[in-house]
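Accompanying notes for the structure given below.
The values are calculated or read from the model by the stated rules, or taken from the named source; none is laboratory data. It should be emphasised that the depicted structure is a prediction, and the values quoted were computed from it without experimental measurement. Here Cβ is always computed from backbone atoms with ideal geometry, including for glycine, and neighbour counts include all displayed protein chains. These area figures cover heavy atoms from the full protein model, side chains too; ligands, DNA and RNA do not enter into them. Shrake-Rupley method; radii C 1.70, N 1.55, O 1.52, S 1.80 Å.
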Amino acid sequence: MSFRGSEEEDERIIHVARLGEQRAHASAFCDNSVKNSKYTLVSFLPRSIFEQFRRLANVYFLAMGFLMLLGTYTTIFETPLTAFSTLFPLTIVLGISMAQEAFTDVKRHRSDDETNNRMTKVTSWNTGAAVTSESVRWRDVHVGDLLYVSNKQPLPADMVILATSESENICYIETSSIDGETNLKLRRAINYLPTHDTPLLDPADVIARVEGDQAVIRCELPNMKIESFTGTFCIPHKEEHVSSEGAPQSGDFNKVIPIDNENVLLRGAMLRNTRWAVGVVVYTGKDTKLQRNSRHAPSKLSKIDVAVNKAIYMVFLTDVVLVLVSTLLLLQFEAAYFPTLTYLGFYSPGLTPGWAMAVRPDGMDWESRRSTFIQGFLTFIVLFNNFVPISMYVTMEMCTYAHLYFINEDLSMHHEESDTPAKARSNIVTDLGQIQYVFSDKTGTLTQNVMRFKRASVQGKVYGAPILMTEANATLPYRNIQGLNRDAAPGSPADDFLKILALCHTVVIESDAMNAASDNSYDKDALTYQAESPDEKALVEFAQEAAYELIGRTTQQITLKINGKIQSWTPLAVNKFDSDRKRMSIVVQDGEGRVRLLCKGADTAMLQRGTCGSVEAATTMVDHLKIFAQEGLRTLVLGYRDLTPAMYAEWFNSYREASAAARDRADLMSKVADSLEKDLTIVGLTAIEDKLQDGVPDTIADLATGGVKFCVLTGDKMETAINIGYSCKVLREGQLLLQLTSGTSADIEAGLARLYKAVIDKKGMNAEFLKLKAKPTRSFSKCGQATRRAKDVASAWDVMLKHFPTLSSPTLGIKSQCQKTPSHSSHVSSPDAPLPPVHHPIHVRFTKAARKAMVSKTQAVQGPQPDDIPQQATRHTHRRLSRAYSHVTDFAFVMEGPALVYVFSHPGLKVILFEIMKASSAVIACRVSPKQKAQLVRLVKEEVSPTPVTLAIGDGANDVNMIQEADVGIGISGNEGQQGKSQKGSNNLTSFYTVTNFKAV
């Protein structure tokens, strides 16, 4: 079978082929090499010279040098200065700058070579019925190859998983280079080979099956959507052959297997906790999703260079005026006195006195022609060339290098543990004092990504000492955290609490020393837990400390060692966490056949669905929630529900149907989980400390005091990002938290419009508050930009009027000349008007402290039944929040990356999004891709007038685009950065400065 590959209008078709044949037809798609360098040997000289002459002063001095050469070696005019006095220092300045550029780009080339020449294995079933494996360089990997990836090996290309070494064909990956998250994520092979209960030892059967079936993959064209993938794995009938164009017809397939994002491993991810995985390469090189989200390093000028360029225009204009005046005066002077200027060597035949000619000095050359306008003009241009002194640039460069030296040698920015100093790589140092907007990554930048279990509340008892003494917890009694195990008698609430911690999660065990989970032969110190969320890891590690140790987990069994005794449960179904439900759950069956749902989640999502057993227990739970929140701890509520076999069987049928759905699978799974997660018995409350880097809250507060606006851009889930926002004081008490979550395009548009209207109503201002007008333009060259801006504004108002017809639309006339778009009044509801109905994807809520404070007031509710306490408290709290809403005008805006995909494709929605961001005192963007981070930075630079100075801070390769887009980039290379040094080299080469922790900012 020969290799064929093609790209039709809306899909890519890939035929899995023999290894040798693929190499002969590899030109169908791009190769797998990547290039992050800026120059080549051929392009370096012209491109670097061009970069240097973006400084107008360099152009000015070069022009002066050319005029001096012209005046020296031609008769057009006589130069009063030599070209050496200008060209020599200019050459020195340019040479130093170009050498610095070359040195930096050599590092980029070395990084590219290191990446492209890494080795990986490509496997094939060759003629002769034998599996062969060939080690090839990453750059030689092609679409259609069968990749064999080993544990802890990074992925060289995007591939569809065919099989793994683990049971149920699952594998785990780390995606820190893609989204910044260091936690493991679960992926599954496509439903191609029969699932196996025991790990596969050899991929030979996989390769032979693929070759025998002559499979074809149909998938979407290369795109930047990291969170999604759509394709099918097609197996044709044995007697059928591909068409003449190389694409099987729709009726030729014996079996069609759907492929989604769960079945794909992306370039940049690392295989973890899995011995091997075999897959088919679908995207290579610049077509991979990681590269689609990257961009080449842009050329940047510091703001002082931009200011000097503008000043040179004025200086040169002044220079030309003075030259013109001086030339005219020279011509007038020579016209009146030329015959008498013999002492200057001038004479006019017939007019100059004879005695003047007689006393002329020996050797003097006489000039009888008067100066022309051109000669006078060029002479004065050269004479006045020091209006722009070249010494100014020399002085600026010397000051810049002095600043860089002080940064590199600053002991306060030196990381003692790793012996890592701060490193300055760019001469754009003057912008550091002009920063107006800061865009920061979260994981590894603001946080250490370390969670610690600190406190718990079980049956009204608090375990663990407070981490921050407040008025509320000063008199609250508490027990030692180890006391939980002593109180955990079988069947007690403490026992249920610890079992939920140890069982309700998606944690993976890494251990080379562990044998069968049915015995005691394992090394506790060798156990390593990996989780999708650091919260889950902290909970399981605490359960381990409390003698409820997770020692084994497969898809068929979860094994705990409780106080030295081995107990096992069968996991029947897992309902993963999502931002709508704000909880996760697992259905397990114990050794006696009893089925139980274990659930944990945010307090707002759990208290409405469970009971605490008594009025006292409910009110105590609410008090403890308030106290833990005031200490800045992240809280989770735990509960369970016993299920009868008939109840479980009925629900599992719905679960199985939803999990097999081809469309809207995530929504269906969420609804099915929601139907089961009710009538819970609440057993306790956990409180986790998210360890921030030292000095983060104080640093952010100092930046805010200096008028700097702070935005957090992260790939984490929304709830995680919000909790970090509270911890590092980006989000403050008394703010309304406005959330834009993902959904359909119609949902996103409607939600954004509602939120925009809510902001207008709360601010109590007319349409001028929105400032939907073109940025002021002062030059004719920006007329097109002003026109486009006016059109975007008109599109934004079309969206608003579509959802709020009572608004008065301002007249957005597009003028033929550059000017501001006129603003007009519009009818806006009063400040006390109620918030318009809020539906998905917008949520409006108070910060945790405000919410907890109001919840505490529900204790005054009289006469409720014990089972109704949480529900009645929630309804009562909602009424209080609604009344308090009218008095709050401080907003915090949280948005999700999937929603931004549609927003950035709609010019009007981009305008609305920015206006909401501008009205908010804090902005957090979560689940954003690397490219979306850069888009948000660019949005601020385009919409704010005058264009602000922006700073981006990150610690990983997923932050490169953001750092490149910002005016100044800072890379963090502390403890976490040192561990991921090999994957974060691109960040280090991209950032202007590298520091070891956030407080050094």
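For the range 760-777, does any single residue satisfy the condition of being assigned to a helix (DSSP H, G or I), of a type in the set (F, W, Y) and at pLDDT 70 or above? Before you say what the answer is, go through the steps one by one.
Filtering the range 760-777 for residues assigned to a helix (DSSP H, G or I) gives 760-763, 767-770.
Then drop every residue that is not of a type in the set (F, W, Y), which leaves 769.
Cutting the leftovers down to at pLDDT 70 or above gives us none.
Checking the range 760-777: not a single residue is assigned to a helix (DSSP H, G or I), of a type in the set (F, W, Y) and at pLDDT 70 or above.
Taking helices (runs of 4 or more DSSP H) that fall entirely within the range 555-663, which contain at least 1 residues that are open to solvent by less than 50 Å² (accessible area, probe 1.4 Å), in contact (Cβ under 8 Å) with a residue 40 or more places away in the chain and closer than 22 Å to K454 by Cβ? Outline the logic, then answer.
On the way: elements: 603-606, 615-630, 645-659.
The helices (runs of 4 or more DSSP H) meeting that bar are 603-606, 615-630.
Count, please, the residues in the range 368-415 that happen to be open to solvent by less than 80 Å² (accessible area, probe 1.4 Å), closer than 30 Å to T996 by Cβ and of a type outside the set (A, V, I, L, M).
Narrowing the range 368-415 to residues open to solvent by less than 80 Å² (accessible area, probe 1.4 Å): 368, 371-372, 375-382, 384-385, 388-397, 399-400, 402, 404, 407-408, 410, 413-415.
Restricting the remaining residues to those that are closer than 30 Å to T996 by Cβ gives 396-397, 399-400, 402, 404, 407-408, 410, 413-415.
Checking which are of a type outside the set (A, V, I, L, M) leaves us with 397, 399-400, 408, 410, 414-415.
So the count comes out to 7.
Of the conditions (1) surrounded by fewer than 15 Cβ atoms within 10 Å (Cβ to Cβ); (2) modelled with pLDDT of 90 or more, S521 fails just one. Which one is it?
(2)
Checking V928 against (1) modelled with pLDDT under 90; (2) surrounded by 22 or more Cβ atoms within 10 Å (Cβ to Cβ); (3) assigned to a helix (DSSP H, G or I), which test does it fail?
(3)
Checking A474 against (1) open to solvent by 50 Å² or more (accessible area, probe 1.4 Å); (2) assigned by the TED database to the domain that holds S533; (3) small (G, A, S); (4) touching a helix residue (DSSP H, G or I) at 6+ places or on another chain (Cβ under 9 Å), which test does it fail?
It fails just one condition, (4).
Which pairs have Cβ atoms under 6 Å, sit 6 or more apart or on different chains, and link a residue in the range 261-285 that is under 16 Å from R188 (Cα atoms) and touching a residue at least 60 places away in the same chain (Cβ under 8 Å) to one that is of a type in the set (F, W, Y) and in a strand (DSSP E or B)?
Note: pairs meeting the criteria are R272/Y172; N273/Y172; T274/Y172; V278/Y148.
Looking at the range 389-411, is at least one residue modelled with pLDDT of 80 or more, outside any strand (DSSP E or B) and over 29 Å from L94 (Cβ atoms)?
The first filter runs over the range 389-411 and keeps only residues modelled with pLDDT of 80 or more, leaving 389, 395-396, 398-411.
Restricting the remaining residues to those that are outside any strand (DSSP E or B) gives 389, 395-396, 398-411.
Then keep just the ones that are over 29 Å from L94 (Cβ atoms); that gives 410-411.
Yes, the conditions are met somewhere in the range 389-411.
Assuming E262 fulfils every condition listed in (1) assigned by the TED database to the domain that holds R54; (2) open to solvent by 50 Å² or more (accessible area, probe 1.4 Å); (3) among the acidic types (D, E) apart from one, which condition is it?
(1)
Determine whether the range 493-510 contains at least one residue that is open to solvent by 50 Å² or more (accessible area, probe 1.4 Å), of a type in the set (D, E) and at pLDDT 80 or above.
Looking for residues that are open to solvent by 50 Å² or more (accessible area, probe 1.4 Å), of a type in the set (D, E) and at pLDDT 80 or above, one finds none in the range 493-510, hence no.
Got a sec? Which strands (runs of 3 or more DSSP E) wholly within the range 249-309 have at least 3 residues that are modelled with pLDDT of 90 or more? Give the derivation first.
Working: elements: 253-259, 270-272, 276-283.
Per the criteria, 276-283.
Among (1) open to solvent by 30 Å² or more (accessible area, probe 1.4 Å); (2) at pLDDT 85 or above; (3) among the small types (G, A, S), which single condition is S440 missing?
Exception for S440: condition (1).
State which residue is nearest to I96 (Cα to Cα) when the search covers only the range 416-437 and only residues that are small (G, A, S) and buried (at least 18 other Cβ atoms within 10 Å of the Cβ). Break it down into steps so the answer makes sense when it comes.
Taking the range 416-437 first, the residues small (G, A, S) are 418, 422, 424, 426, 433.
From what is left, the residues that are buried (at least 18 other Cβ atoms within 10 Å of the Cβ) are 422, 424.
Details: A422: 23, A424: 16 Å.
My answer is A424.
Scan the range 897-928 residue by residue and report those that are closer than 19 Å to I724 by Cα and not aliphatic (A, V, I, L, M).
Listed by number, the residues that qualify are G897, S920, S921, C926, R927.
Against the definition (surrounded by fewer than 23 Cβ atoms within 10 Å (Cβ to Cβ), basic (K, R) and either in a helix (DSSP H, G or I) or in contact with a Cys (Cβ under 7 Å, 6 or more places away or on another chain) (or both)), how does K691 come out, yes or no?
Numbers: surrounded by fewer than 23 Cβ atoms within 10 Å (Cβ to Cβ): yes; basic (K, R): yes; either in a helix (DSSP H, G or I) or in contact with a Cys (Cβ under 7 Å, 6 or more places away or on another chain) (or both): no.
No: the conditions fail for K691.
Can you work out which of the residues in the range 226-248 that are in contact with a Ser or Thr (Cβ under 8 Å, 6 or more places away or on another chain) and either surrounded by 18 or more Cβ atoms within 10 Å (Cβ to Cβ) or in the same structural domain as P156 (by the TED database) (or both) is modelled with the lowest pLDDT? Before you say what the answer is, go through the steps one by one.
Of the range 226-248, the ones in contact with a Ser or Thr (Cβ under 8 Å, 6 or more places away or on another chain) are 226-227, 245-247.
Adding the requirement that they be either surrounded by 18 or more Cβ atoms within 10 Å (Cβ to Cβ) or in the same structural domain as P156 (by the TED database) (or both) leaves 226-227, 247.
Numbers: I226: 81, E227: 77, A247: 45.
This residue is A247.
What helices (runs of 4 or more DSSP H) completely inside the range 951-992 contain at least 1 residues that are at pLDDT 75 or above and surrounded by fewer than 24 Cβ atoms within 10 Å (Cβ to Cβ)?
Values: elements: 960-965, 975-979, 985-990.
The qualifying helices (runs of 4 or more DSSP H) are 960-965.
Is there a residue being modelled with pLDDT of 80 or more, among the β-branched types (V, I, T), assigned by the TED database to the domain that holds F77 and surrounded by 15 or more Cβ atoms within 10 Å (Cβ to Cβ) anywhere in the range 325-348?
yes
State yes or no: is S124 out of contact with any helix residue (DSSP H, G or I) (no Cβ under 7 Å at 6 or more places or on another chain), part of a strand (DSSP E or B) and modelled with pLDDT under 90? Break it down stepwise before answering.
Numbers: out of contact with any helix residue (DSSP H, G or I) (no Cβ under 7 Å at 6 or more places or on another chain): no; part of a strand (DSSP E or B): yes; modelled with pLDDT under 90: yes.
When the stated conditions are applied, S124 does not pass them.
Can you confirm whether I467 is in contact with a strand residue (DSSP E or B) (Cβ under 7 Å, 6 or more places away or on another chain), farther than 30 Å from A1000 by Cβ, surrounded by fewer than 22 Cβ atoms within 10 Å (Cβ to Cβ) and not assigned by the TED database to the domain that holds D698? Break it down into steps so the answer makes sense when it comes.
Working: in contact with a strand residue (DSSP E or B) (Cβ under 7 Å, 6 or more places away or on another chain): yes; farther than 30 Å from A1000 by Cβ: no; surrounded by fewer than 22 Cβ atoms within 10 Å (Cβ to Cβ): yes; not assigned by the TED database to the domain that holds D698: yes.
Answer is no for this residue.
Look through A57, A83, A102, A63 and report the one residue that is under 31 Å from the mean Cα position of the chain (by Cα), open to solvent by less than 50 Å² (accessible area, probe 1.4 Å) and not hydroxyl-bearing (S, T, Y).
Values: A57 fails: under 31 Å from the mean Cα position of the chain (by Cα); A83 fails: under 31 Å from the mean Cα position of the chain (by Cα); A63 fails: under 31 Å from the mean Cα position of the chain (by Cα).
Sole residue among the options that is under 31 Å from the mean Cα position of the chain (by Cα), open to solvent by less than 50 Å² (accessible area, probe 1.4 Å) and not hydroxyl-bearing (S, T, Y): A102.
L680: touching a residue at least 60 places away in the same chain (Cβ under 8 Å) and not assigned by the TED database to the domain that holds G908, yes or no? So that I can check it myself, show each step before the final result.
Details: touching a residue at least 60 places away in the same chain (Cβ under 8 Å): yes; not assigned by the TED database to the domain that holds G908: yes.
Criteria met by L680.
For residues in the range 915-972 being out of contact with any Phe, Trp or Tyr (no Cβ under 8 Å at 6 or more places or on another chain) and among the acidic types (D, E), which is nearest to R789 (Cα to Cα)?
This residue is E942.
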